[in-house]
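The values are calculated or read from the model by the stated rules, or taken from the named source; none is laboratory data. Note that the coordinates shown come from a computational prediction; the quantities given were computed from them, not determined experimentally. Every residue, glycine as well, gets a Cβ built from its backbone with ideal geometry; the counts of neighbours run over all protein chains shown.
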Amino acid sequence: MKRATALGALLAGLTLPAVAQAECGEVSIAEMNWASASVVTNVEKFLMEQGYGCTVKVVPSDTVPAVTSIAENGEPDTVSEMWVNSTGEVYSKLKDQGKIEELGKVLDPGGVEGWWIPDYLAEEHPELTTIEGVLAHPDWVGGTFNNCPDGWGCRVVNDNLIPAFDLEGHGIEVFNHGSGETLATSMASAYEKKEPWFGYYWAPTAVLGKYNMVSVDLGPYDEAAHEANQTPDNPDPKPSAFPAAPVLTVVTTDFADREPEVAEMLRKVSFDVDDMSAVIAWMDENNASPEEGAVHYLTEHKDVWSAWLDDAAREKLAALLNQ
């Protein structure tokens, strides 16, 4: 009963706006449309509102639209989970111009990206663990590559890697998913039926936490090629593996100057990837919302997030921390 009451109190704090205090004004957060980013956003929203007295507006977005909005409008103030190696040329220009500031790794040690096949395919056909094997036996992977939805940073990279590896020339049809949900469902459905599946995915995610997938070796990482592949309509795409992905909290420089205490808190925000995968799996198993996932994290990891706060914010949240 005590635990249920604590969860209810936390959820109320997440879903009902707190009364803004003088030390913090309005803050806009871009919430990317995948599970881990939604959990991060809602944890940060709670801490900003309840610990720092901010009025927080959550702005649904994706990687490319969020970067474009900052470039054109100077907002949102913060992007909670920016996969930097999928942001493209606009992001680099913003950084060079001093308009954004990278505060820290929001996922530790970072994110994992790649092209994957199920473990049972790898066991049956070890050749498929390399891109050369996949290209030589397209029928073994079902003759289809499952691509990212439009608007995702990985879509730009994949759209360059596809011709670089000549997937279609080797008989592999590209299926562009309309949403992250259909991409995940395609993997889950294939795995549960023990059918072929080949496509892009990333971690931390509930799907890769639940299903045993094997990363296809795309060859060496080529920094120059990968950087060029982040540009839409790259005239000369070249093969490259995905690097270990830095996943950062990014804010506008104006916000960092305007709200230094909140920016300092965000600089310390860092979720262990395994902890995040566990939260996402819990959400999936319990049909829970991102707000409930944030409540679950805040309840289970008080020792972690309390260290992100300054003394004043920690005092405001003392009752919660002492439960």
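For the structure I just gave you, tell me whether Ser240 is under 16 Å from the mean Cα position of the chain (by Cα) and surrounded by 15 or more Cβ atoms within 10 Å (Cβ to Cβ). Answer is no for this residue.
Can you find a residue in region 111-132 that is at pLDDT below 95, of a type in the set (Asp, Glu) and either crowded, with 21+ Cβ neighbours inside 10 Å or not assigned by TED's automatic domain parsing to the domain that holds Lys210 (or both)? Checked against the condition, which is being at pLDDT below 95, of a type in the set (Asp, Glu) and either crowded, with 21+ Cβ neighbours inside 10 Å or not assigned by TED's automatic domain parsing to the domain that holds Lys210 (or both), region 111-132 yields at least one hit.
Within region 243-262, the set of residues being surrounded by fewer than 19 Cβ atoms within 10 Å (Cβ to Cβ), part of a helix (DSSP H, G or I) and touching a residue at least 40 places away in the same chain (Cβ under 8 Å) comprises Thr253, Asp254, Arg258, Glu261.
If the condition is being modelled with pLDDT of 95 or more and among the aromatic types (Phe, Trp, Tyr), then region 222-261 contributes only Phe255.
Checking each residue in region 73-90 for being outside any loop (DSSP other than H, G, I, E, B) and at pLDDT 90 or above picks out Thr78, Val79, Glu81, Met82.
Hey, Asp284 hits all of (1) outside the structural domain of Glu168 (by TED's automatic domain parsing); (2) touching a Gly at 6+ places or on another chain (Cβ under 7 Å) but one; which does it fall short on? Going through the list (1) outside the structural domain of Glu168 (by TED's automatic domain parsing); (2) touching a Gly at 6+ places or on another chain (Cβ under 7 Å), Asp284 breaks only (2). Residues considered: Val134, Val174, Val156. Of these, the only one that is over 26 Å from Val273 (Cα atoms), β-branched (Val, Ile, Thr) and part of a helix (DSSP H, G or I) is Val134. Scanning region 91-102 for residues that are part of a helix (DSSP H, G or I) and either of a type in the set (Gly, Ala, Ser) or modelled with pLDDT of 95 or more (or both) yields a single hit, Ser92. Of all the numbered requirements in (1) buried (at least 16 other Cβ atoms within 10 Å of the Cβ); (2) out of contact with any Cys (no Cβ under 6 Å at 6 or more places or on another chain), Cys148 misses one, and that requirement is (2).
Okay, residues lined up against (1) within 13 Å of Met187 (Cβ to Cβ); (2) part of a helix (DSSP H, G or I); (3) touching a residue at least 40 places away in the same chain (Cβ under 8 Å):
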position: Gly104; (1), (2), (3): no, no, yes
position: Glu113; (1), (2), (3): no, no, yes
position: Ala122; (1), (2), (3): no, yes, yes
position: Asn146; (1), (2), (3): yes, no, yes
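Scanning for something surrounded by fewer than 17 Cβ atoms within 10 Å (Cβ to Cβ) and part of a helix (DSSP H, G or I), does region 32-51 turn up at least one residue? No, region 32-51 has no match at all. Selection of region 219-237 for residues being buried (at least 19 other Cβ atoms within 10 Å of the Cβ), touching a Ser or Thr at 6+ places or on another chain (Cβ under 7 Å) and of a type outside the set (S, T, N, Q) yields Ala225, His226.
Within region 55-76, the only residue that satisfies the criterion of being more than 23 Å from Cys154 (Cα to Cα) and touching a residue at least 60 places away in the same chain (Cβ under 8 Å) is Gly74.
The residues on offer are Pro60, Pro65, and the sole one that is at pLDDT 85 or above, outside any helix (DSSP H, G or I) and surrounded by fewer than 24 Cβ atoms within 10 Å (Cβ to Cβ) is Pro60.
Okay, residues lined up against (1) touching a strand residue (DSSP E or B) at 6+ places or on another chain (Cβ under 8 Å); (2) touching a residue at least 12 places away in the same chain (Cβ under 8 Å):
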| site | (1), (2) |
| --- | --- |
| Glu173 | yes, yes |
| Ala188 | no, yes |
| Glu192 | no, no |
| Trp202 | yes, yes |
| Gly209 | yes, yes |
| Asp217 | yes, yes |
| Glu227 | no, no |
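Here Thr185 does not fit the description of being of a type outside the set (D, E, K, R), closer than 27 Å to Phe271 by Cβ, surrounded by fewer than 21 Cβ atoms within 10 Å (Cβ to Cβ) and in the same structural domain as Asn73 (by TED's automatic domain parsing). Looking at this structure, is Glu75 closer than 19 Å to Ala244 by Cβ, of a type in the set (D, E, K, R) and in the same structural domain as Ser36 (by TED's automatic domain parsing)? Considered against the rule, which asks whether it is closer than 19 Å to Ala244 by Cβ, of a type in the set (D, E, K, R) and in the same structural domain as Ser36 (by TED's automatic domain parsing), Glu75 comes out as no.
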